Structures are given as structure tokens and as C-alpha cells.
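J.: Here's a structure for you.
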Amino acid sequence: MYRFLLSRQWVILTLVTLALIPTMIELGFWQLHRHEHRVALNTVISDSLAAKPVPAESLTSPGHTVEHEDLYRRVTAKGTFDTAHEVVVRRRTNSDEEVGFHVLTPFVLDDGRVLLVNRGWIPANGAQTAFPKVPAPAKGEITVTGRLMADETTAASGIKDVQGLPDRQVMLIDSGQQTKRLGERVLGGYVELTSPAPRGGGPELIPDPDHSSIGPHMAYAIQWWLFSAGVPVGWAVLVRRERRDRAEAAADESTAEAEPAAV
């Protein structure tokens with residue numbers, strides 16, 4: 001009755017069905033893990049933004065890797081901006097999805113160490129092969145406040161660190177890379193400036209990250225698990241339909257053979 005399941009076509013279909021079930025289950029768990037990661041990151045961001053600012057030197061040091069629980073932590077630093085060694089970060093967008101640059105300026109602390117400060121976004125007016133016109137920061141010794149961020153990497157950001165870029169332009173904010181360029185003691189990670197606010201059309205400050213949304217990953221996980229449950233059901237429906245069609249075909253064939261005999 002079910003001998004057709006041994007045919008080449010049905011063996012292949014059955015093997016594909018058996019392969020799809022664990023694959024879809026695994027995809028569901030992958031989406032679940034992404035959901036859990038987003039929830040955990042939102043918690044870190046929320047806690048960090050709500051905490052009182054602390055000195056940047058208390059959370060990072062030269063060669064230090066910023067800890068996950070310190071991401072987006074508000075920090076302060078006292079020193080002066082070194083615009084002579086300022087660079088811009090290519091292919092960055094603002095809240096309106098306009099492409100431009102982030103302005104990365106070394107901030108020299110009282111003890112001579114350097115903190116990298118992302119002063120914000122500027123539009124890419126003109127040729128991107130030339131260093132853009134960047135509004136100057138406040139002069140003299142000041143205190144800055146910002147969000148502590150980890151060094152950007154190709155693996156984490158998905159951005160390829162292209163070599164041979166125009167002078168004073170980079171693709172990633174990497175304190176190790178800037179240590180080699182500056183020849184100074186650069187604190188690990190960098191800071192996204194939140195204050196003082198720029199004056200006279202300065203760089204557009206980077207807004208706080210969205211930590212209210214958890215994304216669609218849980219819904220996707222449930223969808224994949226429903227698909228995995230639906231696959232064997234669909235296979236069983238096809239088997240029953242094939243069995244019924246074969247039975248009807250056999251019955252029609254028997255009737256056709258019997259009619260001449262009756263005549």
C-alpha cells in the first residue's frame with residue numbers, strides 16, 4: 001500500500017523533510033538567542049545611561065578592552081582637544097540616513113594620556129577623497145561628558161577596515177590603530193560626546209541608542225518552530241494524497257479490465 005515510499009522521488013522528498021525539521025528548529029533557537037542578546041543589551045544600555053557619570057580613566061586605560069557591562073556608561077574627562085591629529089570616520093549616517101563622517105578628535109588628559117572622542121556627525125560635502133571642513137571644538141581645557149564605547153572591529157560592526165584611504169580618514173574607530181598613528185598612550189575604546197553641545201553649526205551629536213525595542217526576533221523564532229512542526233504534517237498530507245490517488249487509479253484500471261469480460 002505504501003510501497004511508493006521506496007521510489008526515488010519519495011525517498012528524496014522524505015530525506016529533505018527529515019533535514020528541514022532540525023534545521024528549522026535550530027534557526028528558531030538562533031532567533032531566540034538574538035532576542036535574548038537584544039534584551040540583555042537593552043538592559044546594559046538602560047542601566048548605563050541612568051548611572052551617574054564617572055571619570056573615564058576609572059573604566060579604561062591604554063590597551064584596555066571596554067567591558068560589556070561598561071558599554072554606554074556615561075563618563076567624564078578633563079583635558080584639551082588636539083585638532084591637529086583629528087581624523088574622520090567614513091560612511092557614517094545621521095538620524096535622517098544621510099551619509100557623512102564622524103569626527104574623531106584626540107582629547108589630551110592632564111597626565112598626557114589620550115582619550116578618543118567622537119564629536120559627532122558632519123555631512124560629506126564635496127569630494128570624499130579630501131579631508132572635509134570640520135567645525136572646531138572648544139579651545140583650552142574643558143570637561144567633556146559622553147558614552148563609553150568599545151573599539152570597533154570588522155567582526156562586530158560588519159564594516160571592512162579598508163587600507164589606503166585618503167589622509168586622515170579611517171573606516172573604524174580603533175584605539176589600537178590610533179595608538180600606532182599618534183605614538184601616544186591612548187585609552188582603550190572611545191567616547192561618544194554628549195556635552196558640551198557644539199556651537200555654531202558644529203558636528204551633530206550622536207543620539208542615545210534606541211533601547212526600547214526588542215525587535216522581531218522572538219516572533220521569527222516562533223515562526224521557524226511552527227514551520228518545523230508543519231513540515232511533517234505536510235509530508236503526511238502528501239503521502240495520504242498519493243496513496244488515495246494510487247488507489248483510485250488502481251480501481252479505475254480494474255474497472256476498465258472488467259468491462260470487456262462482461263461483454
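J.: Let's test this: bin the Cα-Cα distances of the range 8-90 at 10 Å from zero up to the farthest pair and state each bin's percent.
T.: Values per bin, smallest distances first: 13, 22, 23, 15, 12, 9, 5, 1.
J.: For Ser195, which sequence-distant residues (separation of 5 or more, or a different chain) have an amide H within less than 5 Å of its own amide H, given hydrogens modelled in the peptide plane?
T.: It is Thr145, by chain and number.
J.: In the chain, once you exclude exposed GluC sites (Glu not before Pro) (DSSP loop, at most 12 other Cβ within 10 angstrom), what's the longest stretch remaining?
T.: 142-263
J.: Picking from Val144, Val162, Val108, which is most flexible by a Gaussian network model of the chain using Cα springs under 10 Å?
T.: Of the options given, Val162 has the highest mean-square fluctuation.
J.: Let me ask you something else. Projecting each Cα onto the charge dipole of the chain (Lys/Arg +1, Asp/Glu -1 at the beta carbon, about the Cα centre), which of Thr65, Thr83, Gln178 comes out farthest on the positive side?
T.: It is Thr83.
J.: Let me check I've understood the local charge: for Glu242, count other residues with C-beta under 13 angstrom from its C-beta, Lys and Arg +1, Asp and Glu -1. What total comes out?
T.: Charge balance in the 13 Å sphere: +4.
J.: Quick one: accessible area per residue over the range 101-184, 1.4 Å probe, rounded to a whole number of Å²?
T.: For the range 101-184, the per-residue accessible area is 48 Å².
J.: Quick one: check the C-alpha center-to-center distance for the range 62-126 versus the range 191-255, whole angstrom.
T.: When both Cα centres are located, 37 Å separates them.
J.: When the Karplus curve 6.51 cos²θ - 1.76 cosθ + 1.60 is applied with θ = phi - 60°, which whole-Hz ³J(HN,Hα) does each residue of the range 42-50 get, with x for Gly and Pro?
T.: Computed from phi, the couplings for the range 42-50 are 4, 5, 4, 4, 4, 5, 5, 5, 7 Hz.
J.: Averaging sequence separations of C-alpha pairs under 8 Å and six or more residues apart, then dividing by the length of the chain, give the relative contact order as a whole percent.
T.: It rounds to 25 percent for the chain.
J.: Work out the length of the dipole vector of the range 18-68 about its Cα centre, built from +1 on the beta-carbon of each Lys and Arg and -1 on the beta-carbon of each Asp and Glu, and round it to the nearest 20 debye.
T.: 120 debye
J.: Averaged per residue, what accessible area in Å² does the range 190-263 show with a 1.4 Å probe, protein chains only?
T.: Solvent-accessible surface per residue comes out at 69 Å².
J.: Something else now. Out of these labelled values of volume of the Cα convex hull per residue in Å³, (i) 132; (ii) 163; (iii) 208, which was calculated from the coordinates shown here?
T.: Looking at volume of the Cα convex hull per residue in Å³ for this model, the match is (iii).
J.: Counting only protein heavy atoms and using a 1.4 Å probe, what share of the accessible area of the chain belongs to carbon plus sulfur, as a whole percent?
T.: Using a 1.4 Å probe with all protein chains present, the chain comes out at 57 percent carbon and sulfur.
J.: Dipole magnitude of the chain about its Cα centre, charges +1 at Lys/Arg Cβ and -1 at Asp/Glu Cβ only, in debye to the nearest 20?
T.: About 340 debye.
J.: So for the chain, taking the charge dipole from beta-carbon charges (+1 Lys/Arg, -1 Asp/Glu), which of Ala258, Val44, Pro135 sits furthest toward the positive end?
T.: So the residue furthest toward the plus end is Pro135.
J.: Measuring with a 1.4 Å probe in the full set of protein chains, what accessible area per residue, in whole Å², belongs to the range 46-92?
T.: 51 Å²
J.: Moving to a separate point now. With each run of n ≥ 4 DSSP H residues scored as -39500 (n - 2.57), what mean residue ellipticity at 222 nm is computed for the chain after dividing by its residue count and rounding to the nearest 500 deg cm²/dmol?
T.: -13500 deg cm²/dmol
J.: If eta is 1.567 mPa s and T is 4 °C, what Stokes-Einstein diffusion coefficient results for the range 80-218, Kirkwood Rh from Cα pairs, in µm²/s?
T.: It diffuses with D of about 82 µm²/s by this estimate.
J.: Where does the charge balance sit around Ala51 when Lys and Arg score +1, Asp and Glu -1, over other residues with C-beta under 9 Å from its C-beta?
T.: Local charge sum for Ala51: +2.
The values are calculated or read from the model by the stated rules, or taken from the named source; none is laboratory data. Just so it is clear, the model here is predicted, and its values are computed rather than measured. Using ideal geometry, Cβ is built from the backbone for each residue, glycine included, and neighbour counts are taken over all protein chains shown. Side chains included, ligands, DNA and RNA excluded: accessible areas come from the protein's heavy atoms. Shrake-Rupley method; radii C 1.70, N 1.55, O 1.52, S 1.80 Å.
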